[in-house]
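Novice: One structure follows; several queries about it will come next.
The values are calculated or read from the model by the stated rules, or taken from the named source; none is laboratory data. Computed from a prediction, not measured in an experiment: that's the story for all the values here. With ideal geometry, Cβ positions are generated from the backbone for all residues, glycine too; neighbour counts draw on all protein chains shown.
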Amino acid sequence: MMIIAADPLLSSEIGFSVIAIMLLKVVIAFALLMVSVMLVIWFERKIVADMHNRVGPSLAGPWGILQTLADGIKLFFKEDLLPERADRIVFRLAPYLSLVPAFLSFAIVPIGGDFTNGGDGTVSIFGHRTLLQVADPPVGILLFLALSSIAVYGVMLAGWSSGSKYPLLGSVRASAQMISYEAALGLSMATVFLSSGTLSTSGIVAGQATWNWNLVATGVIPFVIFVIAGTAELNRPPFDLVEAEQELVGGFHTEYSSIRFALFFLAEFMNMITMSAIAVTLFLGGPNGPILIKQISWVWPILWFFLKVMAFLFTFVWLRATLPRLRYDQLMDLGWKLLIPASLGWFLLIAALNIGEDRGWSTFLVVPIGLLVLSFVALLLNGAIKKAKDSNLNAADLSEISEGSDQ
Amino acid sequence: MSYLKGFLVTFRQIFQRRVTTPYPKIKREKPERLHGRHVLGRYEDGMEKCIGCELCSGVCPADCIYVRGADNPTDNPISPGERYGFVYEINYLRCIHCDLCVEACPTGAITESKMFEFSFTNRNDAIYTREELLVDEETGKPKQLPWEDWRDGEDLLTSGWLRATSPSGDATYEGQIAWSGDLGYGVRKSEIGQSVTESREQEEDQ
């Protein structure tokens, strides 16, 4: 039998209660995301304010916690402008193209469940055993990659359909940036697939149950690359060239107003939460952690997951408060000339180690030889980059000379 | 690793003291001679200082003051002079609070209070009339209109003013803060001014 999903809920007969549980999970995930987006925006504004020695939102509700709600209501009642030269259908479609993938990718994240002591991470609801995630497809994390690629269309079409130059420039930047960093993101993820041997998110989490987090198992480097590429993928500072206010007004969403603008914002912060959750799932053991009080054992995995995601969210805010924005060529240099080769090299090293283990080769031999080969390749790459730079300079000199002679 | 130092800098800020004042609830003390809403002063006997000469109206760069003088009634004079300000209106939609009217006034009748938070909701309220601008006959304090946000102390010391230029070509007045004698406070001594020449002279004296 082909496995459609590893979730034990769907392996039994699908009756009314199973559908009800599925619906319940979908609604809970939706509500959870919406509320957490609200809180994350407030959290970000508060923390950034703290780092600027400001107070931040403080009037709406206790500690200003309802500020996002107030902003949302305000945006909802604003006039919805449609630029005269906009492509009407695409302009209206674009916000949903970036919102829906943001929602969908959260579906594969396990937010709880006990995976320790051989547990399969399932919990019992109404006599059915199920995973604490909306869906657990065998392709798992690939779904996330696919959806984040679709999200690029949202950004790109938004800028293109606005019929205005700044959004267009912003969206060109955005699509180039997101596509190039997705390569590094995917390659650093591939290292995780190698070490855990599965694509399914619950499988990856189950593989990290005994404190053998992929962070250590893959050797930290893929994690660092994932975080950097993830920040770039999210268009968060210092990689927020897409909406560089000083250069592009608002970037791809310049022409958007009212609730459509709010949808972009919602998608952005939802992606931030999802990216943190995926990073936690892949590298930091997901909901795995010590269960301290046995009586309420189901609470602990959810708590650990929540805390780990919070740490990531804080880091994203911290990055924003600390780092200045990169120049566009620096961004592309970092992506193509450093992150992609580094993640590719590390992927090969881990692969060599895995094969070495299978064939019974000595680890002490595989690692130095692997590192040697990698550094040789790095040298070659470095040389190639330098050569290209030099020849570019020469070409520039030549064109200058020829321009001079024309005059 | 100095790259990571920046992160420590921003992280430390979280625990620093906030400098923000929650503005509408708490207001910081304003400078003593802040240019706020105007007041029309009275002498200590309750007489109006304004003599209806229209100099303030003439000097106003924003053209926001409208004055019409009239002869004082002989049996019940309103000002000590020959004439008094019969109509006196300032349009606060135009006023730029430059204080030139205050400098131009020969009797020190018009001065500025420290209150600038007045948010009227229609254009008629924006035009302050003579009755609204005049200080109270009993206390010598400015009238407080419903849309104005007065705080403690802002209605005190409203009659101080500063000469930015020297009147009548007399350079000794330059930068001097003068006080016109007014109802409830009497005449205060002039303060040493803030101009460059004044402070230089002081330094030379010392």
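Novice: Of the conditions (1) within 14 Å of residue B:36 (Cβ to Cβ); (2) aliphatic (A, V, I, L, M); (3) touching a residue at least 40 places away in the same chain (Cβ under 8 Å), residue B:96 satisfies every one except a single condition; which number is it?
Specialist: Unmet condition: (3).
Novice: Looking at the structure I just gave you, is residue B:121 of a type in the set (Ser, Thr, Tyr), assigned to a loop (DSSP other than H, G, I, E, B) and either without any contact (Cβ under 8 Å) to a residue 24 or more places away in the chain or under 15 Å from residue B:40 (Cα atoms) (or both)?
Specialist: So residue B:121 fails the test.
Novice: Exactly one of (1) out of contact with any helix residue (DSSP H, G or I) (no Cβ under 8 Å at 6 or more places or on another chain); (2) of a type in the set (Phe, Trp, Tyr); (3) over 30 Å from residue A:53 (Cα atoms) is unmet by residue B:23. Its number?
Specialist: Checking residue B:23 against (1) out of contact with any helix residue (DSSP H, G or I) (no Cβ under 8 Å at 6 or more places or on another chain); (2) of a type in the set (Phe, Trp, Tyr); (3) over 30 Å from residue A:53 (Cα atoms), the one that fails is (3).
Novice: Another one. Kindly establish whether residue A:33 is in contact (Cβ under 8 Å) with a residue 12 or more places away in the chain, under 30 Å from residue A:10 (Cα atoms), surrounded by 17 or more Cβ atoms within 10 Å (Cβ to Cβ) and more than 14 Å from chain B (Cβ to nearest Cβ).
Specialist: Against the criterion (in contact (Cβ under 8 Å) with a residue 12 or more places away in the chain, under 30 Å from residue A:10 (Cα atoms), surrounded by 17 or more Cβ atoms within 10 Å (Cβ to Cβ) and more than 14 Å from chain B (Cβ to nearest Cβ)), residue A:33 qualifies.
Novice: Hey, another quick one. On the given criteria, is residue B:73 modelled with pLDDT under 90, more than 19 Å from the chain's Cα centre (by Cα) and more than 14 Å from every other protein chain (Cβ to nearest Cβ)?
Specialist: yes
Novice: Quick one: residue B:18 ticks every box in (1) part of a loop (DSSP other than H, G, I, E, B); (2) within 14 Å of chain A (Cβ to nearest Cβ); (3) surrounded by 14 or more Cβ atoms within 10 Å (Cβ to Cβ) bar one, so which box is it?
Specialist: All conditions are met except number (3).
Table: residues versus (1) more than 13 Å from the chain's Cα centre (by Cα); (2) within 14 Å of another protein chain (Cβ to nearest Cβ); (3) not in a loop (DSSP other than H, G, I, E, B).
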site	(1), (2), (3)
B:22	yes, yes, no
B:46	yes, no, no
B:52	yes, no, no
B:68	yes, no, yes
B:77	yes, no, no
B:87	yes, no, yes
B:97	no, no, no
B:102	no, no, yes
B:111	no, no, yes
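Novice: Something else about it: Go through (1) more than 28 Å from residue A:144 (Cα to Cα); (2) surrounded by 15 or more Cβ atoms within 10 Å (Cβ to Cβ) one by one and return the number of the condition residue A:313 breaks.
Specialist: Failing condition for residue A:313: (1).
Novice: Which condition from (1) among the aliphatic types (A, V, I, L, M); (2) farther than 30 Å from residue B:12 by Cα; (3) within 14 Å of chain B (Cβ to nearest Cβ) is the one that residue A:51 breaks?
Specialist: For residue A:51, the failing item is (2).
Novice: Can you tell me which residues in region A:78-137 are in contact with a helix residue (DSSP H, G or I) (Cβ under 7 Å, 6 or more places away or on another chain), farther than 20 Å from residue A:168 by Cα and in a helix (DSSP H, G or I)?
Specialist: Matches in region A:78-137: A:101, A:102, A:103, A:104, A:105, A:106, A:107, A:108.
Novice: Take region A:216-266 and flag every residue that is surrounded by 17 or more Cβ atoms within 10 Å (Cβ to Cβ) and of a type in the set (S, T, N, Q).
Specialist: Those that are surrounded by 17 or more Cβ atoms within 10 Å (Cβ to Cβ) and of a type in the set (S, T, N, Q): A:218, A:231, A:235, A:254.
Novice: Could I ask something else about it? Please go through region B:1-44 and pick out each residue that is within 20 Å of residue B:86 (Cβ to Cβ) and of a type outside the set (Val, Ile, Thr).
Specialist: Passing the criteria: B:38, B:40, B:41, B:42, B:43.
Novice: Would region A:118-130 turn up any residue that is in the same structural domain as residue A:261 (by TED's automatic domain parsing) and under 23 Å from residue A:167 (Cβ atoms)?
Specialist: no
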